[in-house]
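First up is the structure itself, then whatever we jot down about it.
Bear in mind that the values in this text are calculations on the coordinates, not laboratory data. What you see is a predicted model; the values in this text were computed from it and never measured. Neighbour counts run over all protein chains shown; Cβ positions are idealised from the backbone, glycine included.
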Amino acid sequence: MTTARRYEPATVTIKKGGTVTFSNDSEEPHSVTAYEGRIPADTRYFSTGDFSTEEQARDNVAETLVQNGDTFEITLTKPGVYEYFCIPHESQGMKGEIVVES
Ligand SMILES: [Cu+2]
């Protein structure tokens with residue numbers, strides 16, 4: 001997560017069972033929040049703040065925020081594409097995706 005309000009890189013490809021670590025290298029807080037309809041079916045929803053639905057995450061923005069210097073890790077076991085966004089900066093295009101290969 002960068003000062004340009006972007007995830008860098010915006011697309012990451014991993015093998016199933018792999019882990020992605022997000023690091024906030026900017027001065028302002030960001031979230032990593034999955035789009036509920038844009039992750040593989042029958043997959044556990046994820047968002048920073050440990051919310052189980054996108055609506056809950058959006059309703060509790062303050063609890064989703066990752067501060068400067070902090071990290072968030074996610075391990076994904078199901079192949080597919082996982083699209084996510086930053087709640088405060090979604091409208092500015094702060095979005096990314098994780099591609100999990102089988
Ligand atoms: Cu952000």
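A few remarks follow.
- The residues listed here are 90, 63; of these, the one that is in contact (Cβ under 8 Å) with a residue 12 or more places away in the chain and surrounded by fewer than 18 Cβ atoms within 10 Å (Cβ to Cβ) is 63.
- Single condition residue 35 does not satisfy, out of (1) touching an Asp or Glu at 6+ places or on another chain (Cβ under 9 Å); (2) free of Cβ contacts under 8 Å to residues at least 24 places away in the same chain: (2)
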